[in-house]
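Okay, so here's the structure we're looking at.
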Amino acid sequence: MYPAPTEVKAEAKAEVKVEAKAGRPANAEDDSVEEHAHGHGNAGPRLGLLTKEVVASIADADHNVMIAFSNYLFKDLALNLYLGAEEAGISNILVCAFDDKLEEYLVGMGVPVALLDAEVVFADSDHLRSATFKQLNRLKYAVITEIVSWGYSVLATDVDAVVMRNPFPWLKLYGQHTDMMLSTDRIHAPDISDGPDNEKQNYLHYYCIGIMYIRPTPASNAFLSAWVDAMHADLDILDQAALMQLMNEGFERTDRLSRVSLVWNKRLRTADLPTLLFCNGHVFYTQRLPQRLGFFPFMAHSTFQFGRMDGKIMAMRQHQLFHDPPEYYRGKFLAFDLNIPSDMLEPEFVPSKAVPTKHIALGKLQVAQVMQAFALARAMGRILILPRVQCLCDTYWWFLGDGCMLSGTKDMGFPTACPLDHILNPYHLRVDSGLDFRESSFLENPKVPASLLRSRVTVTFCADCEADAAHAADDLDADADSHFSLDPSGQVVAHDNDVLHFHAPTSDAGWAKRLADYDDVAVIHFSSVDKALTGLVKSGDVDYFNRAYFKSAAAWCCAEDIGAIKLVYDNDLFSLAP
């Protein structure tokens with residue numbers, strides 16, 4: 001049963017209860033649950049409290065079950081994990097809710113969810129090192145221990161993972177000679193193989209417990225119990241650190257062909273889940289290593305992302321792995337192309353610990369253009385579609401290795417398109433500044449209506465062009481040329497794509513006036529916004545966007561321990577229009 005230490009008040013009940021909470025019968029209908037478009041649209045059955053019977057109703061014929069844990073704070077990630085698993089043909093998935101509010105939400109989405117019988121204070125529970133987060137994790141692994149003891153193989157995953165393929169057939173084949181298989185934080189692929197990774201290691205610090213496959217063996221049951229006991233003995237220790245301490249006791253790598261390690265004084269057989277098939281965020285989102293090598297992963301754990309949950313969701317959206325509701329794909333949008341001088345994209349070798357001045361300059365230029373585009377979008381009442389940003393370095397460059405890459409990373413071929421959070425912080429943009437935006441791959445998503453793709457205007461702007469090269473004068477008469485393009489499904493779409501040519505900048509309000517006749521068009525696409533603005537007409541907007549500008553940059557801009565550069569931004573970007 002779950003252990004209930006006296007050090008933490010009501011951390012977990014002393015036994016697993018079969019009955020549901022009073023007044024909340026299992027499988028009861030709840031007419032108060034709102035229908036949500038991005039779920040099933042129909043309320044699912046109430047499973048009540050987690051019991052052996054509930055797990056039996058979810059598990060497959062081989063007694064496998066995929067388990068994820070969440071509270072309401074991470075409801076969007078929990079729902080996305082389930083929907084991805086469902087699309088991959090996985091029906092044996094169960095979400096365990098730490099609170100009634102998440103249970104209510106997921107039931108409304110048609111998601112199988114079991115409520116944990118726990119009384120936990122949820123303040124600051126989103127922070128990895130918070131007392132509450134550690135408390136929830138102790139309960140989480142106590143529950144996993146209980147389920148494994150019931151005779152089930154558990155694929156335990158964090159809710160910030162995405163599912164692309166059903167991993168259970170692979171796990172059945174390769175997991176049969178192990179007690180546990182774990183994902184890793186390794187940022188390179190040690191072996192091009194369909195089996196478990198086989199790199200020779202003399203330590204296990206690279207294990208990550210974001211994705212674990214645990215078979216119900218005597219060794220795994222004993223180890224899980226010891227792991228939970230270790231976390232209760234030291235309330236400050238992180239779950240992964242406690243696991244590493246135990247596994248490193250008597251660690252021994254067996255022969256290379258077996259790919260199995262003996263850990264915990266040779267009592268437990270473990271193997272690595274292969275990096276190319278169970279990816280961490282750096283391998284999948286930053287390096288795009290499986291894509292480059294022709295591998296189709298089963299899952300990706302959204303680690304190495306920045307900007308809190310917003311950074312994770314942005315990375316998923318960029319790869320079309322986040323399940324947004326239909327209304328996300330509706331509205332009026334503004335898109336633009338970055339204007340980057342070619343000499344700024346020339347690769348440069350950056351020695352370890354050196355300040356990558358070209359990368360910083362490139363980042364600053366892109367941030368400035370993005371913020372100007374935000375100002376234009378707001379003036380026109382549109383949502384900004386962000387461009388693909390370019391990088392000459394991996395993020396957190398102040399401790400990177402030679403070449404401005406994390407040590408061990410496969411050559412990324414800088415300059416390269418990089419995740420948004422390498423240049424801009426999605427959390428600061430959305431939460432701190434209240435800006436609405438879409439990912440750079442938005443218009444490539446099959447969920448975007450074809451009618452939106454057909455409704456667009458292209459605005460060419462060239463501030464440095466001669467007047468005769470820009471159609472002699474700024475013109476509001478469109479070139480009504482018939483065009484054909486491919487929609488995301490590959491079908492030919494005919495549309496009238498008006499092209500407007502401008503060479504003189506104006507204010508935000510001036511641009512809104514110039515394009516007022518195209519207010520009903522779904523997408524206005526600027527060839528460039530560089531030098532397009534003379535200023536903003538409202539002083540409140542000047543203050544607002546300057547604050548957003550200073551908050552927007554990702555962590556690479558502001559390393560305080562680098563003497564050469566303290567802050568990238570030293571001047572306001574916006575001013576009042578003359």
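Close amide H pairs (under 5 Å, H built 1.01 Å from N) link C208 with S183, T184, D185, residues at least 5 positions away or on another chain.
Annotation: amide H-H contacts under 5 Å for L115 (H modelled 1.01 Å from N, sequence separation of 5 or more, or interchain): G48, L49, L50, A97. Annotation: amide H of V457 within the under-5 Å range of V523, I524, H525, sequence separation 5 or more or interchain, hydrogens built in the peptide plane. Shown in residue order for region 431-441 are the 3J(HN,Hα) couplings computed by the Karplus curve 6.51 cos²θ - 1.76 cosθ + 1.60 at θ = phi - 60°: 7, 5, 10, x, 8, 9, 7, 10, 5, 5, 8 Hz (x for Gly and Pro).
Could you tell me whether region 290-378 comes out rounded, prolate or oblate from its Cα gyration tensor? Rule is a ≥ b ≥ c as square roots of the eigenvalues, rounded for a/c under 1.5, then prolate if a/b exceeds b/c, otherwise oblate. Cα axes put region 290-378 in the oblate bin. Taking 11 Å as the cut-off, the amide N atoms of region 359-392 that come nearer than this to a point 7 Å along the Cα-to-beta-carbon line of E444 belong to 388. Computed extension gain for A56 through D464, at 0.36 nm per residue and net of the alpha carbon distance, reaches 140.0 nm. Near F574, once Lys and Arg are set to +1 and Asp and Glu to -1 for all other residues with Cβ below 14 Å from its Cβ, the sum equals +1. Counted by Cβ distance under 14 Å from D436, the other residues give a net charge of +2, where Lys and Arg count +1 and Asp and Glu count -1. Look at R308, R547, R46 and count the other Cβ atoms within 10 Å of each Cβ; fewest to most, that gives R547, R308, R46. Between S451 and A516, the FRET efficiency from the beta-carbon distance, with R0 = 22 Å, is close to 0.55.
Coordinate-derived values only; no laboratory data. These numbers come from a predicted model, not from an experiment. Heads up, the Cβs are rebuilt from the backbone with ideal geometry, glycines too, and the neighbour counts pull from every protein chain shown.
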